Each structure stands twice: as structure tokens, then as C-alpha cells.
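Data first, discussion second: the structure below is written as C-alpha cells.
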Amino acid sequence: MNKSALIPKLFPKILMVCTEYPPMHGGVGRYTYNLTAALRRIGYDVIVASNEMGDSDFSGLSPKHNDDSNLLLHLVDNIKPDIVHVQYEQGMYGLVLNGLDPRKTHTNIDSFYNDCKVPIVTTFHSGYTIKQWLDLSESTRSFQKPKFFSHNIFSTYWTSLLNYYSFHNLNKDKLAKSKFGIVFSNHMSKIVGGGRVVLHGAEPFLPTRKGKEEAREVFNLPKNKRIALAMGFINSTKGWDILEKINVPSGWCIVINSSYNHYSTKLPSRNVEKNGIIDLHLDYLSEEDLSTLFASADAVVLPYKVCSGSGVMFDALAHGLPFVASNLEFFKEFSTKGLGIVVNRNSTAFAKGLEILDREYDFYKHEVENFRSNINWEKIAHEHSEIYSQVLIGEAAIIAAPITK
């Protein structure tokens, strides 16, 4: 065998897999797009496979398809990547919970992990404690507003309870069959059962260099108050109920912008507009408008009921903004770094959190400014590059082992 064939390529070919991809709305797709762009800038040949609604190199993946594994296996055979990198969030790959036999809970790419001959790297986007898992089920049911006890609601709750461990076993199975796992926090590493922490990348949109005053003029926002942003999809886990009830502290204004994604059923609208709260009603924003909106603010509020990770939090940090968030494990990890405040998930606690942030703003702002360089996309791309090299060096060692015997 030619020994030069055992030397890993400087920039191997990567097949990036994510059912969600711009112009589709969604944090996982947006993350994948930005990571792909950053890898390409440093020299990688990255080929993206996504849903047909995404502007990717190959389309056809969908949570609604049962043949995604075969499609991916054929794609691997055709393009011959050196590494397949899967952005793994179970619902994006057709997660089916089985209410009778949790061993049958599955996604539509399980067999791909079994049969793929190319090394796989997996980034995990979802993992929950049992409390959050049941809260996720409860949040979904809360929008159904039943008039009486429903067998369907009981069935949904039972299915969720029964499948907590099978849901996590899917993560563990993907980790075991991957050459490398990536997570965004130490908390996620514990939940998944391993994986290297590589932070979620984020940075201001480069052409956008508006100052705070100019940015506020774009959205016609008040100039004499601190502004806290609340951003996210209109779904049952983002905690909009807190903003319905909050008494906004003096000197603060909460600015909201929410949107729908391509998969979600539209849920009942929330009435959050009142004194001290401005709802922009702008739906999903372009990168430039999003960056301008962050530039207009002083902080973000994240009253989430459930959270594995938060692209909004990382975007805020990249723009120099500290946070006030629910005391979920993910947010706690970053609050210990001095990047924000966690509070109990009720309106009074969030109001007090904003008051504390106001008094100690210089401290939190300083810590965020020191942290933000850790998540610029070039740095994140190079960390991925190290992982890809490690995977291919390991593969080369496996191939070389019989030769040296």
C-alpha cells in the first residue's frame, strides 16, 4: 500500500448533514450554514445535504421521509466524502416515540449510522433532564386547552414518560457509532454521555457596524432606556407567558420579536404588548437586520421552559449583551462565567433579575466582552478542523495497523 495514502488530507471533503438549512427558518439550520461558510473560508470542501426547502448542494432529506438513510448512503457512495458530519436533533430526523415498546422508538437515520462506512462526526443539539423532558411534553399539551380529561393527553404524557430513556439511548447510540461527538456545553456532555465541548459560534454580521443609537433609529426604539431583547420561535417552550405577566422595571424596555418555523403548527397568539414592552412583529429576520437589532440592545431575556442550548444566547454574547435567563442547567453553566443572571421562572424573578443586571451592568458587560472572542466563527471552524484531523489520523492508524504487523 502507498504510505502517502495513509496521510490525512490537509482539508478533507466533508458531507454536512442537516434537514434544516436556510432559507428555512431555524437555529440548527442557521448554525449549519454559518459553520459551513467558516469551514469553506479556511479551505474545506463542504457539501451540504438538507431538506428540499433549503438552498443546499443536495436536497431530499425530511423528518417525514422514511428513506433518509438510503438517500444518505447513496450520497456517500456518489460523492465519496472523507467525513460525514451530522447536525443531530432528533425531531429533524423523524423521531417516532413508541407508547407501547420504547425499544422501537427511532429516527429515520438510525440505519445510516449502522451502515455508513465513512467516519461520522455528530454534533448533538438536544438532550434533556427528565424534568425538562416532561416539561416539554406538558408545554406541548398546554396549547391544546382541553375542556375535559382526554385519553389522547394521557397517552401523550405516558408516551413521553415511557420514552425518556429511549430518547437518550438514541443519543448514546449515535455517540457510540460516531468517531467524534460535539456538544455546546459541559451540561450537554453529561446528558449525552460524552462529546467534546465546542461552543456554538456567533458573531455580528460583518457589514453591520451600526452604533446603538443608529440601530435604535432603524426600529424606532426608545433611546433613553435600557433595552432587553426577547427573541425566538412562537412555540410552547420559549416562555412567552412570563412576558405577559411581567412588570417591566423602571428604566427598562423589553423588545420582542418572534417568528414561525417551517415545521411548526401555528399556535395561539400571545398578548404581550403593554407598558414597557414593544412587540416588533417582524417575523424571521435577515442576518443584517438581526445583527442590527442586537446592536440596539443592552441585554437579552430568555424565560425558556426547556433548553438544551440557545443560539439566541450565543448571538447576544457575540454582540456584547449579557442575559437574564431561567435557571435551567444550560444557562447556569454560562452564568457561572459571569455572562448573565439566572432566576426562577416567574415574572417577579425576571423583573428583579433586570434590576440586578442594571445595578451591576458594568461587571457583566466586561465579562461578556472578554468572552465573545471565544465564539467567533473562525475559531470555531479551526476547532472543528482539529477534530476532523484527529478522526482521520485515527482512521489512518487503523488502516496502517495490519501493515506494521
Quiz prompt | Taking 192, 306, 17 and counting other C-beta atoms within 10 Å, the order from fewest to most | solution = 192, 306, 17
Quiz item: Ordered by residue, what ³J(HN,Hα) values in Hz, to whole numbers, does the stretch 320-336 give under the Karplus form 6.51 cos²θ - 1.76 cosθ + 1.60, where θ = phi - 60° and Gly and Pro are x?
Solution: x, 9, x, 10, 10, 9, 4, 7, 8, 4, 4, 5, 4, 4, 8, 5, 5
Exercise. Can you tell me the dipole magnitude for the stretch 212-375 around its Cα centre, using point charges on the Cβ only (Lys, Arg +1; Asp, Glu -1), in Debye to the nearest 20?
Key: 540 debye
Exercise. Name the long-range amide H neighbours of residue 25: under 5 Å, sequence gap of 5 or more, or other chain; modelled H, no Pro or chain starts.
Key: 262
Exercise. Please report 84, 391 as a ranked list, fewest other C-beta atoms within 10 angstrom at the top and most at the bottom.
Key: 391, 84
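Please give the net charge around residue 109, taking every other residue with its beta carbon less than 12 angstrom from that of residue 109, where Lys and Arg add +1 and Asp and Glu add -1. Could the numbers behind the result be given before it?
Working: positive: 174, 177; negative: 67, 68, 89, 110, 115, 173.
So the environment of residue 109 carries a net charge of -4.
Since every read-out is calculated from the coordinates, none of them should be taken as a lab result. This structure is a prediction, so every number in the text was calculated from the model and none was measured. Cβ coordinates were reconstructed from backbone atoms using ideal geometry, including for glycine residues, and neighbour counts include every protein chain displayed.
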